[in-house]
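Structure first, commentary second.
The values are calculated or read from the model by the stated rules, or taken from the named source; none is laboratory data. Keep in mind that this is a model prediction, so the values were computed, not measured. Reconstructed Cβ throughout: ideal geometry from the backbone, glycine too, with neighbour counts over all protein chains shown.
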Amino acid sequence: MFVPLLEGFCLPGTLELYDRTIDPQEHLMMFNSLMLLSGGIDPIVCHAFPSTLKKSSILWFSTLKLGSINDFFELTTRFLTHFQPIFLGQFDAQGTHFPFFLERWKDKLAILGSNK
């Protein structure tokens, strides 16, 4: 579907791309905030959203059938339904988010390796 951009509209450039290492709900909240500031209307917001995805999340988006999303609410529902359980499963027993834990572990190994 062709959607003309509003005069003066530009995609927000300060949003971290979503790659499954951050909370998908937080990503959506930041995206929504930036789109409201930019004056994005629903069809434009739907078309802009994939530009905030990378790695496996953009692969997921590419599997959506053309014309299967009616509005941004439906897109966000599908996005959260798919990625929220994955994100929630990335915590260890102490509640530490796994990618963050992994980075801390790598840092500790680097420190231990430099003490030799």
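Some notes on this structure:
- So T21, is it surrounded by 14 or more Cβ atoms within 10 Å (Cβ to Cβ) and either touching a Ser or Thr at 6+ places or on another chain (Cβ under 9 Å) or not aliphatic (A, V, I, L, M) (or both): yes
- Residues of segment 32-43 that are touching a residue at least 24 places away in the same chain (Cβ under 8 Å), over 18 Å from K65 (Cα atoms) and assigned to a helix (DSSP H, G or I): L37, S38, D42.
- Considering the conditions (1) of a type in the set (D, E, K, R); (2) assigned to a helix (DSSP H, G or I); (3) at pLDDT below 55, E74 is excluded by exactly one of them, (3).
- Pick from segment 35-50, criterion surrounded by fewer than 18 Cβ atoms within 10 Å (Cβ to Cβ) and at pLDDT below 90, ranking: nearest to the chain's Cα centre (by Cα): H47
- Residue within segment 83-102 that is part of a helix (DSSP H, G or I), aromatic (F, W, Y) and modelled with pLDDT of 55 or more present: yes
- Single unsatisfied condition, K108 versus (1) out of contact with any Asp or Glu (no Cβ under 9 Å at 6 or more places or on another chain); (2) surrounded by 13 or more Cβ atoms within 10 Å (Cβ to Cβ); (3) part of a helix (DSSP H, G or I); (4) at pLDDT below 85: (2)
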